[in-house]
1. Being free of Cβ contacts under 8 Å to residues at least 12 places away in the same chain and either open to solvent by less than 100 Å² (accessible area, probe 1.4 Å) or among the hydrophobic types (A, V, I, L, M, F, W, C) (or both) is the filter here; which residues of the range 1-14 pass it?
2. Looking only at the range 15-57, which residues are open to solvent by less than 60 Å² (accessible area, probe 1.4 Å) and within 16 Å of the chain's Cα centre (by Cα)?
3. Within the set of pairs 6 or more residues apart or between chains, which connect a residue that is of a type in the set (D, E, K, R) inside the range 34-56 to a residue that is surrounded by 11 or more Cβ atoms within 10 Å (Cβ to Cβ) with Cβ atoms less than 6 Å apart?
Amino acid sequence: MTETILLALYTLVTLFFLETTFREGEMAQVKSWDIMRVAGLLYCLAWPLMILHVTILAYRDRHAR
């Protein structure tokens, strides 16, 4: 149950930042998808994973003592 809630929360955060980044690219009125625009969208997927990874490591370290 907890995993499902956390996965849903992660998905909502990721989708929010993907949508925001996509709209920023659209408002810039750039017709082509350059590497920076694609990288921005990919980073929206990556940074929540990094936060999750750090959180898990901190949790393990705290409980290992």
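1. Listed by number, the residues that qualify are M1, T2, T4, I5, L6, L7, A8, L9, T11, L12.
2. Of all residues in the range 15-57, those open to solvent by less than 60 Å² (accessible area, probe 1.4 Å) come to 18, 20-21, 25, 37-41, 44, 46, 48.
L18, T20, T21, R37, V38, A39, G40, L41, C44, A46, P48 - these are the residues of the range 15-57 that are open to solvent by less than 60 Å² (accessible area, probe 1.4 Å) and within 16 Å of the chain's Cα centre (by Cα).
3. R37/G25
The values are calculated or read from the model by the stated rules, or taken from the named source; none is laboratory data. All of these numbers come straight from a predicted model, not from anything done at the bench. Neighbour counts run over all protein chains shown; Cβ positions are idealised from the backbone, glycine included. To get the accessible areas, we keep the full protein, side chains included, count just its heavy atoms, and leave off ligands, DNA and RNA. Shrake-Rupley method; radii C 1.70, N 1.55, O 1.52, S 1.80 Å.
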